[in-house]
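Encoded as structure tokens, the structure appears first; notes follow it.
Here, each number is a calculation from the coordinates, and none is a lab measurement. As the structure is a prediction and not an experimental result, all values here were calculated from the model. Every residue, glycine among them, receives a Cβ derived from its backbone with ideal geometry; neighbour counts consider all protein chains shown.
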Amino acid sequence: MVSGDKGVQEPNQLGLLIKETLTTRSMSMRKLSAATGMDTASISRIVNGKQPPKLEHLKLFARHLDIPMLELLNAAGFEAMEPKDGLGELRDALEGSGINVDNMASQIRRELDKYETYAMTEEGKELIESSFLPKLDQLRSAGYYIDQLRELYKDYDSGQLPEAEKHVIGSGLLYFVLSTDIIPDFSFPFGYIDDAIAVRIVMERLELLRRPS
């Protein structure tokens, strides 16, 4: 579901994201039209909030603008259909792709359990401190998913977290640094989906830890 009376989130975060990316890449809407096969007028209407995007549009933007699909979904205002795990919009986006989001989430949870134990060790801590920021910088990307990772690292590095929360965050940071992606990063438009799911699972676990007894 897309929030807003007209099916477009206010303000038009999707339009802002696409405009910023086009500017960064020195790319015009006409060139994006030629690359995606979408009509230039349709792209303009989506960017200016006059037409709600379809999932097919978001997949094309992800592929040709190198934007993680989850960032586009969030910017477009697609809400999770199942709040219990926050993966409903991913199921919708990947429908027909042959990718099972629930199976991916199960695999990622097992990896995070393993990395949470590793995050308790001095070796794990040193690896996070030496490798996380350099790898994040290599992405040369921005957006909701990247911002969450940066905020998690900031909390981790603050020295003010209870150990249990630090280990949970550490598991997510180590997953980003070490894990062999379930879907390779170059497989657009889905390449960063597993990293994004890992971030969501970490956020859920933190929420459970922070709930009043």
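Apply the Karplus curve 6.51 cos²θ - 1.76 cosθ + 1.60, θ = phi - 60°, to the phi angles in region 111-119 and return the couplings in whole Hz, x for Gly and Pro.
Those phi angles translate into 5, 5, 4, 5, 6, 5, 5, 5, 5 Hz.
Kindly give the semi-axes, whole Å and largest first, of the ellipsoid equivalent to region 11-73, taking each as the square root of 5 times a Cα gyration tensor eigenvalue.
Working: eigenvalues 40, 35, 30 Å².
Largest first, region 11-73 gives 14, 13, 12 Å.
What ranking, highest mean first, results for peptides 117-124, 54-61 when packing means the other Cβ atoms within 10 Å averaged over each residue?
Values: 117-124: 14.2, 54-61: 18.8.
Put in order of decreasing packing, that is 54-61, 117-124.
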